[in-house]
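Worksheet for the structure shown next.
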Amino acid sequence: MSYRPISSIWKNDISELIESFESWWIKLEQLIPKKGCDIFFRADDIGYPGKQFSTMVDVFKKNKVPLALAVVPAWVNQDRIQMLFETLGPDMSLWCMHQHGYKHMNKEKSGKKFEFGPSRDRNKMTAELTKGKQKLDKLLGSSMCPIFTPPWNRCSTETMACLIELGFIAISRCINVSPYPLKGLPDLPINIDLHTIKEKDPKVGIKILMNQIEHAVQSDYAGFMLHHQRMNKTSVKFLDFLLAKIAETPSLRIQDIRDILPK
């Protein structure tokens, strides 16, 4: 797996970060609708249990916050899954492990990155999706949740049709992406990016993150996307602060991604 750069946001001093977010939080609370806002967290690119992964998981354990874990089928085997369970356990109720593509490889020769994009042959896509699902079903057992997160948060309409045929109950992408989800496959999109904002100026990056959170809390829900490979000590401390801050804000309701599925 390639090196993942750390966003400039997390090159700030943690005390300055927390101080700025503490004062801004007063403004944020005023933007939350009276009905409140549901919040969920999704961590992508799961497959290689290690120190960064364990550190991220420990923050969620400490704060007792559920986390959706998007697992890449080709990146895992019996040994890695055993390490994953040892890191997460023994209480598995916080974790929604689900499928994240198949190999997490770009299959498009030009344009935006897709693993399951418009140029793919449907039969080949179906075969890969099936192989990935069967592998995770076998390795994860009852811990496997039939939700699909496509790599780079993009996939084709044909992909979604395949997912429905394979028994997936939802997809999770980014907010306001095309094509529209198909009937029978609700989308649970993320709208806040904690770790892959590319802005080089740390102060501008912080403003982008604040704006994403402000817009999200004014909608039906806020979905946070995480990447443990892009986390450093500062981002870990901020995540701990953020989870605690959300928990003490009555109008913000932390949810398991499975609980926000349409009833």
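The values are calculated or read from the model by the stated rules, or taken from the named source; none is laboratory data. Keep in mind that what you see is a predicted model, and the values were worked out from it rather than measured. Here the Cβ positions follow ideal geometry from the backbone for every residue, glycine too, while neighbour counts run over all protein chains shown. When the accessible area is computed, the model is the full protein with side chains, heavy atoms only, and any ligands, DNA or RNA have been set aside. Shrake-Rupley method; radii C 1.70, N 1.55, O 1.52, S 1.80 Å.
List of remarks:
- ASP44 being acidic (Asp, Glu), open to solvent by 40 Å² or more (accessible area, probe 1.4 Å), closer than 26 Å to ILE260 by Cα and not in a loop (DSSP other than H, G, I, E, B): no
- Residue list for region 204-220, filter: over 15 Å from PHE238 (Cβ atoms), in contact (Cβ under 8 Å) with a residue 12 or more places away in the chain and either out of contact with any strand residue (DSSP E or B) (no Cβ under 7 Å at 6 or more places or on another chain) or not β-branched (Val, Ile, Thr) (or both): GLU214, HIS215, ALA216, GLN218, SER219, ASP220
- Selection within region 86-114 - more than 11 Å from LEU69 (Cβ to Cβ), surrounded by 16 or more Cβ atoms within 10 Å (Cβ to Cβ) and in contact with a helix residue (DSSP H, G or I) (Cβ under 8 Å, 6 or more places away or on another chain): GLY101, TYR102, HIS104, PHE114
- All positions within region 1-23 that are of a type in the set (Phe, Trp, Tyr) and open to solvent by 20 Å² or more (accessible area, probe 1.4 Å): TYR3
- Inter-residue pairs, beta-carbon under 6 Å, first closer than 19 Å to LYS113 by Cβ and in region 152-167, second in a loop (DSSP other than H, G, I, E, B) and of a type in the set (D, E, K, R), 6+ apart: TRP152/LYS113; ASN153/ARG173
- Contact map, region 18-38: first residue at positive phi, second residue among the polar types (S, T, N, Q) and open to solvent by less than 70 Å² (accessible area, probe 1.4 Å), Cβ cut-off under 9 Å, separation 6 or more or different chains; pairs are GLY36/SER251.
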